[in-house]
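**Student:** Please see the structure below; I have some questions.
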Amino acid sequence: MFSIFNNPNDKQLRKSLFDFWAEMEKNLELFFVMDQRQFITSGFLTDMWPKVKEMDIIKKHASIAVYARAMEDFNLSLKGHKEYEIWYTGDTNNKTPENARKLHALKHELDVKLKGMEAVIILAGQDLEREMVQLGLLKT
């Protein structure tokens, strides 16, 4: 049977798509753990995005681009929160009511962003999975 994945570039495409799909699955798991524990433990994985973002299969789904932006935005917000928290706790002169409110606002912003992640991840994952089924990479 003829396979569209016979040349080395196609095998790399296949590997990249599977790795991206696995990363989405892991991010959904991370979401569930953080949501269940009501505690943000880490950022989301984004290693595969640079490797797949230029693929036509990926570009044709807005949901996947939204997913990538949401992951990057969350990670940047988490980094900003952590840096501010370190600065805040690093010096007693930084522990003012105004700075405490700002730290609380940064944490609240992260919590709000986390709440919306489930739908974003699931929708993007469904679109990617549908593409992989159409390519014959996955069976229904």
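**Student:** Please list 3J(HN,Hα) in residue order for the range 40-51, calculated via the Karplus relation 6.51 cos²θ - 1.76 cosθ + 1.60 where θ = phi - 60°; whole Hz, with x for glycine and proline.
**Tutor:** Values, residue by residue: 7, 9, 6, x, 8, 6, 9, 4, 7, 4, x, 7 Hz.
**Student:** Leaving ligands, DNA and RNA out of it, report the carbon-plus-sulfur percent of the accessible area of the chain at a 1.4 Å probe. Write down the numbers at each step before the final one.
**Tutor:** Details: 4950 of 8920 Å².
In the chain, the share of accessible area belonging to carbon and sulfur is 56 percent.
**Student:** Return the lysines within reach of K79: Cα separation strictly under 26 angstrom, same-chain partners fewer than 8 residues apart disregarded; answer none if there are no such residues.
**Tutor:** List returned: K26, K51, K53, K95, K102, K107, K113, K115.
**Student:** What angle do you read, to the nearest 10 degrees and between 0 and 90, between the alpha-carbon axis of helix 62-90 and the longest principal axis of the chain?
**Tutor:** Computed tilt is about 30 degrees.
**Student:** Determine ³J(HN,Hα), in whole Hz, for all residues of the range 18-31 in sequence, where each value follows from phi through the Karplus function 6.51 cos²θ - 1.76 cosθ + 1.60 and θ = phi - 60°; x replaces Gly and Pro.
**Tutor:** Each residue's phi maps through the Karplus curve to give 5, 5, 5, 4, 5, 5, 4, 4, 5, 5, 5, 4, 4, 4 Hz.
**Student:** What is the chain's relative contact order, in percent, from Cα pairs under 8 angstrom and six or more apart in sequence?
**Tutor:** 30 percent
**Student:** Please give the helix 117-134 orientation as an angle from the longest Cα principal axis of the chain, in degrees from 0 to 90, rounded to the nearest 10.
**Tutor:** With rounding to tens, the tilt is 10 degrees.
**Student:** Next question, about the same structure. Could you point to the label whose value was computed as Cα Rg over 2.2 N^0.38 Å for the structure here, given [x] 1.00; [y] 1.32; [z] 1.07?
**Tutor:** Identified label for the calculated read-out: [y].
The values are calculated or read from the model by the stated rules, or taken from the named source; none is laboratory data. Keep in mind that this is a model prediction, so the values were computed, not measured. Accessible surface is based on the protein model in full, side chains and every heavy atom, while ligands, DNA and RNA are left aside. Shrake-Rupley method; radii C 1.70, N 1.55, O 1.52, S 1.80 Å.
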